[in-house]
Amino acid sequence: VQRADAVIIGGGLAGCATATYLAQGGASVVLLEQKRLNAGASGQNAGSLHFQLEHRLIQHADALGEQLDFYVALARRAIDDWRRLPQELGEDIELAMHGGLMVAESAEQVAKLEKKAAIEARQGLEVQLLDGDAARRLAPYLGPTIQAALLCPDEGHCNPRLLTGAYARAALAAGAQLHSDTAVTALRRVGGHWRVRARKAGSEQTQEWQAQHVINTAGAWAAAVGRLANIHLPVFPVALTMSVTEKLPPVLHHLIQHIGRKLSMKQVEDGNLLIGGGWSARLAQRGGEWHPDLAASVDLQALRGNLATAAEVVPAVAPLSLLRTWTGTTGITPDQLPIIGEVGAAPGFYVATGGSGFTYGPTYARLLAEKILTGDSSLPLTPYSPDRFGHMNMFMGQS
Ligand SMILES: Cc1cc2nc3c(=O)[nH]c(=O)nc-3n(C[C@H](O)[C@H](O)[C@H](O)COP(=O)(O)OP(=O)(O)OC[C@H]3O[C@@H](n4cnc5c(N)ncnc54)[C@H](O)[C@@H]3O)c2cc1C
C-alpha cells in the first residue's frame, strides 16, 4: 500500500486544478484518471466563461431563491481567479475576457434581463443593460430581432484543450503524481483512512493507496464513484452538442448568450465560431443504464435548433460552413448548483463537481484545497455542501 495525503479521482479540470493547489500547499497528492487527462467534459466543452447568471439558472430563479445571490459571489471570485490564471500557470491558455452579451428578443425577455441585472448588481457584479440599438452599436453583428442585451465586461472564453493540461503540468511541477489509464475500482475506510484501489487499463493488476482525503472529481461519473464509498451523490449525466464553423476574420468579440433560448457563441483565436448553449445529445444507454463513458450521439433536431438560433441572433452565421459537430457529457445536480465539500456520512471524502464547471473549476479547486489544507475556505462553501442532500445518506456511509 502506497501512502499519500490526498487521492484525487478524475483527471479533468476539477481534478488537475485541485491536485495543483493541494500540492502547491504542501500535500502529497496522487491523481488517478481512468482514461487520458482531459478526456471528459473538460476537453469537450464550449469554453465559455459564464459570470452572468445563465439561462438555465434564470429559468428556475424562483426555486433557487437566495441561492442565486451566493452564485453571484462565486462568479465575482471566479473573475479574479481567471484574471491571474495565465500568469499563475505560465502558459498561453487562449484566455479572452472581452465581455459577454446576454440578448433578449421580446418584452418578456427584456423584463427577465432587468430582474437578473438587479440580482447581479445587488451582489456587486458589474453588468450594464443596453437597449437594442446600443447593443448593435457595441456589437454590430447582432441581428434586428435583438431588443436588449446585458453586458458583463468580464465574460469571455478560454481554450478547453489547453487549460487542463496547463494545470496538469503545474501539479507535476509541485510534486503531484498523475496516473492516466488508471480506474478507481474500490474505496474503503480503514482505521480513519481511505484505501483506494485502482486498476491499470488492459491489466488485471491492481494498486492500492492509503490517504486521509479522497476527492471525487469524476464529473458525470461522480455518482458511480460515490457508490464505491457507499454513498448516494445526486449527479446525473447529460450529453450536450457543440459545433464549430469555418474560420472568418475577427468579427465577434463577445461571448453571446440568450436569456430565453439556448445559445452560446464565440469566435476563438483561430477565427472559427463555436456554437452551443445546452442543446441535448443522446446519452448512450445499455440495459437501462446510462453510459457516460460511451460517446453520446448527435440529435439532428437539436443541432438544427441550435444553428437556427445562432443564425437568427447573428445573421452573418447563416452562410457559414459547419466544420464539425461533437457531443460531450457532463454531470448536473438536482438544484443546478455545484456540489463542493466533504460528505458528512463519509469523513475525508470530498466532492467537487456540477454547475458550469469550466468557468468555476479553477475556483472550486482553489476553495476546496483551502478547506482541506486549513479547515476553512476564503469564500464559504456551505451553499454547495454535499450535505444539502444529506438525507439521501441517512442510512448510508460507514456501517
Ligand atoms: C458540450 C459541453 C459544453 C459545456 N460548456 C461549458 C461552458 O461553456 N462553460 C462552462 O463553464 N462549463 C461548460 N460545460 C461543463 C463543463 O465542461 C464541466 O462542468 C467540467 O468540464 C467538469 O469538469 P470535471 O473535471 O468535473 O469533469 P470531467 O472533465 O468530465 O472529468 C472527470 C474525469 O473523471 C474520470 N473518471 C471517472 N470515473 C473514474 C474512475 N472510477 N477512476 C478514475 N477516473 C475516473 C473521467 O474519465 C473523466 O476524465 C460544458 C459541458 C459539455 C459536455
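The values are calculated or read from the model by the stated rules, or taken from the named source; none is laboratory data. Predicted model, so just to flag it, every value in this text is computed and none were measured. With ideal geometry, Cβ positions are generated from the backbone for all residues, glycine too; neighbour counts draw on all protein chains shown. Remember, those area values only see protein heavy atoms, side chains included, never the ligands or the DNA or RNA. Shrake-Rupley method; radii C 1.70, N 1.55, O 1.52, S 1.80 Å.
Can you name every residue in the range 122-149 that is in contact with a Gly (Cβ under 7 Å, 6 or more places away or on another chain) and part of a strand (DSSP E or B)? Walk me through how you get there before you give the answer.
Taking the range 122-149 first, the residues in contact with a Gly (Cβ under 7 Å, 6 or more places away or on another chain) are 146-148.
Result: Ala148, single match.
Exactly one of (1) of a type outside the set (Asp, Glu); (2) open to solvent by less than 10 Å² (accessible area, probe 1.4 Å); (3) more than 20 Å from the chain's Cα centre (by Cα); (4) within 14 Å of the ligand (Cβ to nearest atom) is unmet by Ala211. Its number?
So Ala211 meets the others, but not (4).
For the range 1-119, which helices (runs of 4 or more DSSP H) that fit wholly inside it have 1 or more residues that are more than 11 Å from the ligand (Cβ to nearest atom) and more than 30 Å from Asp270 (Cβ to Cβ)? Quick ask: steps written out before the conclusion?
Values: elements: 13-24, 41-44, 55-58, 61-64, 67-89.
Result: 13-24, 55-58, 61-64, 67-89.
What tally of residues in the range 7-56 results from selecting those that are of a type in the set (Gly, Ala, Ser) and over 18 Å from Ala183 (Cβ atoms)? Full working, then the answer.
Restricting attention to the range 7-56, the residues satisfying the condition of being of a type in the set (Gly, Ala, Ser) are 10-12, 14-15, 17, 19, 23, 25-28, 39-43, 46-48.
Narrowing further to those that are over 18 Å from Ala183 (Cβ atoms): 17, 23, 25-28, 46-48.
Selection size over the range 7-56: 9.
Could you tell me whether any residue of the range 226-236 is within 30 Å of Ala107 (Cβ to Cβ), away from the ligand (no atom under 15 Å from the Cβ) and touching a helix residue (DSSP H, G or I) at 6+ places or on another chain (Cβ under 6 Å)? Spell out how you get there, then give the answer.
So in the range 226-236, the residues within 30 Å of Ala107 (Cβ to Cβ) come out as none.
The answer is no; no qualifying residue exists.
Restricting attention to the range 353-380, and to residues there that are away from the ligand (no atom under 16 Å from the Cβ) and assigned to a loop (DSSP other than H, G, I, E, B), which single residue is most open to solvent (accessible area, probe 1.4 Å)? Full working, then the answer.
Step one: list which residues in the range 353-380 are away from the ligand (no atom under 16 Å from the Cβ), which gives 370-380.
When the remaining residues are screened for being assigned to a loop (DSSP other than H, G, I, E, B), the result is 375-380.
Values: Gly375: 49, Asp376: 99, Ser377: 20, Ser378: 77, Leu379: 35, Pro380: 82 Å².
Among those that are away from the ligand (no atom under 16 Å from the Cβ) and assigned to a loop (DSSP other than H, G, I, E, B), it is Asp376.
When the residues of the range 357-384 are filtered to those that are of a type in the set (S, T, N, Q) and at pLDDT 95 or above, which remaining residue is nearest to Val214 (Cα to Cα)?
Keep residues of the range 357-384 that are of a type in the set (S, T, N, Q), which gives 359, 363, 374, 377-378, 382.
With the extra rule that they be at pLDDT 95 or above, the set shrinks to 359, 363, 374, 377-378.
Values: Thr359: 23, Thr363: 19, Thr374: 16, Ser377: 18, Ser378: 21 Å.
Per the criteria, the residue is Thr374.
Is it true that Leu187 is open to solvent by less than 20 Å² (accessible area, probe 1.4 Å), farther than 30 Å from Glu91 by Cα, not in a helix (DSSP H, G or I) and not small (Gly, Ala, Ser)?
Values: open to solvent by less than 20 Å² (accessible area, probe 1.4 Å): yes; farther than 30 Å from Glu91 by Cα: yes; not in a helix (DSSP H, G or I): yes; not small (Gly, Ala, Ser): yes.
Criteria met by Leu187.
Residue under question is Leu240, and the condition is that it be within 28 Å of Ser48 (Cα to Cα), open to solvent by 30 Å² or more (accessible area, probe 1.4 Å), more than 9 Å from the ligand (Cβ to nearest atom) and modelled with pLDDT of 95 or more; does it hold?
Numbers: within 28 Å of Ser48 (Cα to Cα): yes; open to solvent by 30 Å² or more (accessible area, probe 1.4 Å): yes; more than 9 Å from the ligand (Cβ to nearest atom): no; modelled with pLDDT of 95 or more: yes.
So Leu240 does not fit the description; no.
Which residues, taken from the range 283-311, are outside any loop (DSSP other than H, G, I, E, B), more than 16 Å from Ser48 (Cβ to Cβ) and within 13 Å of the ligand (Cβ to nearest atom)?
So in the range 283-311, the residues outside any loop (DSSP other than H, G, I, E, B) come out as 285-286, 289-290, 297, 300-311.
With more than 16 Å from Ser48 (Cβ to Cβ) added as a condition, the list becomes 285-286, 289-290, 297, 300-305, 307-308, 311.
Those that are outside any loop (DSSP other than H, G, I, E, B), more than 16 Å from Ser48 (Cβ to Cβ) and within 13 Å of the ligand (Cβ to nearest atom): Ala302, Leu303.
Six or more apart or on different chains, Cβ under 8 Å: which pairs go from a residue in the range 111-135 that's farther than 12 Å from Ile58 by Cα to one that's of a type in the set (Asp, Glu) and buried (at least 20 other Cβ atoms within 10 Å of the Cβ)? Could you list them?
Close Cβ pairs satisfying both conditions: Glu126/Asp154; Val127/Glu120.
When the residues of the range 342-352 are narrowed to those that are assigned to a strand (DSSP E or B) and open to solvent by 10 Å² or more (accessible area, probe 1.4 Å), which ends up nearest to the ligand (Cβ to nearest atom)? Reasoning before the result, please.
Kept after step one, since they are assigned to a strand (DSSP E or B), are these residues of the range 342-352: 342, 349-352.
Those still in the list that are open to solvent by 10 Å² or more (accessible area, probe 1.4 Å) too: 342, 350.
Working: Glu342: 17, Tyr350: 13 Å.
Among those residues, the one meeting the criterion is Tyr350.
Matching residues to (1) closer than 23 Å to Arg137 by Cβ; (2) in contact (Cβ under 8 Å) with a residue 12 or more places away in the chain:
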{"site": "Thr245", "(1), (2)": "no, yes"}
{"site": "Ile256", "(1), (2)": "yes, yes"}
{"site": "Lys266", "(1), (2)": "yes, yes"}
{"site": "Gly278", "(1), (2)": "no, yes"}
{"site": "His291", "(1), (2)": "no, no"}
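Condition first: more than 11 Å from Glu91 (Cα to Cα) and either more than 16 Å from the ligand (Cβ to nearest atom) or open to solvent by 30 Å² or more (accessible area, probe 1.4 Å) (or both). Now tell me which residues in the range 160-176 satisfy that.
Taking the range 160-176 as the starting set, the residues that turn out to be more than 11 Å from Glu91 (Cα to Cα) are 160-161, 164, 168, 171-176.
The answer is Arg161, Leu172, Ala173, Ala174, Gly175.
Restricting to the range 317-332, name every residue that is away from the ligand (no atom under 11 Å from the Cβ) and either touching a residue at least 40 places away in the same chain (Cβ under 8 Å) or of a type in the set (Gly, Ala, Ser) (or both).
Listed by number, the residues that qualify are Val317, Ala318, Leu320, Ser321, Leu322, Leu323, Arg324.
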